[in-house]
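Notes for the one structure printed next.
The values are calculated or read from the model by the stated rules, or taken from the named source; none is laboratory data. Keep in mind that what you see is a predicted model, and the values were worked out from it rather than measured. Cβ placement follows ideal geometry from the backbone for every residue including glycine, while neighbour counts extend to all protein chains displayed.
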Amino acid sequence: MFDAEYFRTSLARDVEAMGGSPIVEIHLVNGQTHRVRSVTEISSGFVTIEAYLGKGDLAHHRPRFGQPGTEAQPHDLFRAVVSYESIVAIVLDPSMREEHGRTGFAAL
């Protein structure tokens, strides 16, 4: 089970182990996934995160955790308060694949 200690110490170590700027996703019991930009508050029962909005037609864009030099627009972000009990998994993807533009309407 995830707890405050994981977010205070282990997440930073995991991020560093993945090259310092992985894609970080929190998967919840209800099936939702949040792509994390940053952790804004850690408390005993919950964590507050700043997350990227998931845009279905732009799913090929893969913003990374705390990625320097990436300016997200305020309308591309939201905050979520997540209880530790609702977290099923935290996935860190160090993928360094180069993103290729998509053809068709998704290229807009």
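Points worth noting:
- Residue in the stretch 84-104 that is surrounded by fewer than 16 Cβ atoms within 10 Å (Cβ to Cβ), on the phi > 0 side of the Ramachandran plot, at pLDDT below 90 and assigned to a helix (DSSP H, G or I) present: yes
- Across the stretch 40-51, the number of residues qualifying as surrounded by fewer than 19 Cβ atoms within 10 Å (Cβ to Cβ) and part of a strand (DSSP E or B) comes to 6.
- The one condition from (1) at pLDDT 95 or above; (2) under 12 Å from LEU92 (Cα atoms) that ARG35 does not meet is (1).
- Filtered residues of the stretch 9-38 (kept if assigned to a strand (DSSP E or B) and touching a residue at least 60 places away in the same chain (Cβ under 8 Å)): ILE23, VAL24, GLU25, ILE26, HIS27, LEU28
- Qualifying positions in the stretch 21-39 - more than 11 Å from the chain's Cα centre (by Cα) and surrounded by 14 or more Cβ atoms within 10 Å (Cβ to Cβ): LEU28
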